[in-house]
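See structure below.
The values are calculated or read from the model by the stated rules, or taken from the named source; none is laboratory data. Every value quoted in this text rests on a predicted model; they were computed, and no experiment measured them. Reconstructed Cβ throughout: ideal geometry from the backbone, glycine too, with neighbour counts over all protein chains shown.
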Amino acid sequence: MRYAMQESAELLDDTAMRKAVFEFLSAAYLNEMSGEFLEGLKRDPIEFEGELGAFIDSLAVADLEAVRVDLASEYARIFLGMSPSPVAPYESVYMSDLHILMQEPRDEVLGCYREEGVSAAKDLRLPEDHIAFEFAFMAHMCQKAIDALRSGDEREVRRCLAKQQEFLSNHLL
């Protein structure tokens, strides 16, 4: 089944938006947001809906240093163990029988990455099932779908979209 021109344009727009969301989430979960990142969002805001959109819109009039400090504090509280209930950003901790790092879910996502020619940055020294890497993988698959749409490769578009749905269902959700 060939995509109609309008369907193709809508799919391209939707996929580009999903890619932007996944890139944003990957950056947000990997490190504290830098002043440069916030400046970039202020200068070239990404049009999101909901609370994320409202946050980005608020940067236009916000004291970016105060926002950066607040976000850094929240990041430390949530992910760096600076609270009584820190959050582990690794799939294995939640999905493996032992609820510890480097278990089957890590191996599964590593297999998905390898199938698509993706590798996590070695210098980060984090397990591959870190949520930031999983979001980056989804952004990568969105870009592959965008490239396939632009080249008219419908089979590759369907494969990339199916891979995204599978990864979302089996890992992110």
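Kindly indicate the residue of segment 37-77 that is part of a helix (DSSP H, G or I), among the charged types (D, E, K, R) and closer than 24 Å to Met17 by Cα and also nearest to the chain's Cα centre (by Cα) among those meeting that condition.
Of the residues in segment 37-77, the ones part of a helix (DSSP H, G or I) are 37-43, 50-58, 64-77.
Subsequent filtering for residues that are among the charged types (D, E, K, R) retains 39, 42-43, 51, 57, 65, 68, 70, 74, 77.
Okay, now just the ones that are also closer than 24 Å to Met17 by Cα, so 39, 42-43, 51, 57.
Details: Glu39: 20, Lys42: 20, Arg43: 21, Glu51: 17, Asp57: 20 Å.
Looking at the filtered set, the residue picked out is Glu51.
Residue pairs, Cβ under 8 Å, 6 or more apart or interchain, first in segment 25-51 and within 21 Å of Pro89 (Cβ to Cβ), second basic (Lys, Arg). List them.
Pairs found: Glu32/Arg68; Met33/Arg68; Ser34/Arg68; Leu38/Arg68.
Would you say Ser34 is modelled with pLDDT of 90 or more, surrounded by fewer than 17 Cβ atoms within 10 Å (Cβ to Cβ) and more than 16 Å from Ala145 (Cβ to Cβ)? Give the steps one after another, and end with the answer.
Numbers: modelled with pLDDT of 90 or more: yes; surrounded by fewer than 17 Cβ atoms within 10 Å (Cβ to Cβ): yes; more than 16 Å from Ala145 (Cβ to Cβ): yes.
For Ser34, the condition - modelled with pLDDT of 90 or more, surrounded by fewer than 17 Cβ atoms within 10 Å (Cβ to Cβ) and more than 16 Å from Ala145 (Cβ to Cβ) - is met.
Give me a count of the residues in segment 43-77 that are surrounded by 12 or more Cβ atoms within 10 Å (Cβ to Cβ) and farther than 30 Å from Asp129 by Cβ. Steps first, answer last, please.
Kept after step one, since they are surrounded by 12 or more Cβ atoms within 10 Å (Cβ to Cβ), are these residues of segment 43-77: 45-46, 48, 52-53, 55-57, 59, 62, 64, 67-77.
Now drop any that are not farther than 30 Å from Asp129 by Cβ, which leaves 45, 57, 59, 62, 64.
Of the residues in segment 43-77, 5 are surrounded by 12 or more Cβ atoms within 10 Å (Cβ to Cβ) and farther than 30 Å from Asp129 by Cβ.
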